[in-house]
Amino acid sequence: VVSAPLRILFLADVVGAPGRGALESRLPGLRAELGIDVCVANGENAADGIGITPRLAERLHAMGVDAITLGNHAFRRAEIGPYLERSDSIVRPANLSKHSPGRGMTVVPTSNGARLAVINVLGSLFLHPATSMFEVVDELVDAARAETPLVLVDVHAEATSEKAALARWLDGRVT
C-alpha cells in the first residue's frame, strides 16, 4: 500500500529527433521539479517519426523513462521484435495478434518504492487490431491488480469516443 501520493508523468507520442531532444533536455529537470515517481512515454514514433528501434528504446530509458508504450506503428522497424521479447519495460498493444512479439502489460518500480502496472491497448476505429481492446482489457487489469493496486492503461486510439468508452469501462478499477 502506497501511503504518499504517486506522481505519474505520461508523455504521449515522442516523435523523432525533435521529440527525443525535448525529452532529453527537459525530462530530468521536470522529474525533479514535479517530484515525478514514475515516467511512462509512448515511443512508437521515436525513430524518425515512425517506429522505434532497440537503441532508441534504450536512449529513452537512459533519459529517465521507466516504461515505454507503443501503438499501431510498433513494428515499423523490424529489429524491435526480438527486443520486445526480452525487454520487461516496453509494452506493445495487448490486443494485437497473440503471435506478436512482446507483451501488453508490465510492472515497473517507482522511485517511492511502489510498483506500477502499465497496460497498452489499441482502439479499433481506423487501426484494426486483431482483437477488440474490450475483449482483453479485463483479464489484463485482473493480472495487473494481482501484482499491484496501481494500474495505468494507455489506450492508443484514433477516436475519442473509444477512449471515453474504455475510461467508463475501467472506472474504479485502474489508477
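Before moving on, here are some points about what is shown:
- Hits in region 119-137 - residues which are polar (S, T, N, Q) and assigned to a strand (DSSP E or B): Asn120
- Number of residues in region 74-112 that are open to solvent by 70 Å² or more (accessible area, probe 1.4 Å) and within 24 Å of Val151 (Cβ to Cβ) equals 7.
- Restricting Ile52, Ile36, Ile68 to those that are more than 18 Å from Pro109 (Cβ to Cβ) and modelled with pLDDT of 95 or more reduces the list to Ile52.
- For Gly51: the one exception among (1) on the phi > 0 side of the Ramachandran plot; (2) of a type outside the set (A, V, I, L, M, F, W, C); (3) open to solvent by 10 Å² or more (accessible area, probe 1.4 Å): (3)
- Among residues of region 116-175 being of a type in the set (S, T, N, Q) and open to solvent by less than 30 Å² (accessible area, probe 1.4 Å), the one that is farthest from Thr106 (Cα to Cα) is Thr148.
- Of the residues making up region 60-73, at least one is over 23 Å from Leu96 (Cβ atoms), of a type outside the set (Ser, Thr, Tyr) and surrounded by fewer than 17 Cβ atoms within 10 Å (Cβ to Cβ).
- Taking every residue in region 76-88 that is farther than 15 Å from Thr106 by Cα and touching a residue at least 24 places away in the same chain (Cβ under 8 Å) and pairing it with any residue that is part of a helix (DSSP H, G or I) and among the small types (Gly, Ala, Ser), at least 6 positions away or on another chain, the pairs with Cβ-Cβ distances below 8 Å are Ile80/Ala57.
- Region 35-45 - residue that is in contact with a Lys or Arg (Cβ under 6 Å, 6 or more places away or on another chain) and crowded, with 17+ Cβ neighbours inside 10 Å and, of those, farthest from Leu150 (Cα to Cα): Ile36
- In region 141-158, the residues that are without any contact (Cβ under 8 Å) to a residue 60 or more places away in the chain and either among the hydroxyl-bearing types (Ser, Thr, Tyr) or farther than 20 Å from Phe75 by Cβ (or both): Val141, Asp142, Ala143, Ala144, Arg145, Ala146, Glu147, Thr148, Val151, Val153
- For region 110-167, a residue qualifies if it is among the β-branched types (Val, Ile, Thr) and more than 15 Å from Gly71 (Cβ to Cβ), and the qualifying residues are Thr110, Thr131, Val136, Val137, Val141, Thr148, Val151, Thr160.
- Taking the numbered list (1) open to solvent by 50 Å² or more (accessible area, probe 1.4 Å); (2) more than 25 Å from Val141 (Cβ to Cβ); (3) not aromatic (Phe, Trp, Tyr) in turn, Arg7 passes all entries but (2).
The values are calculated or read from the model by the stated rules, or taken from the named source; none is laboratory data. Predicted model, so just to flag it, every value in this text is computed and none were measured. Quick reminder, even Gly has a Cβ in these numbers, built from the backbone with ideal geometry, and neighbours come from all protein chains shown. All accessible areas refer to the heavy atoms of the entire protein, side chains included, with ligands and DNA or RNA removed. Shrake-Rupley method; radii C 1.70, N 1.55, O 1.52, S 1.80 Å.
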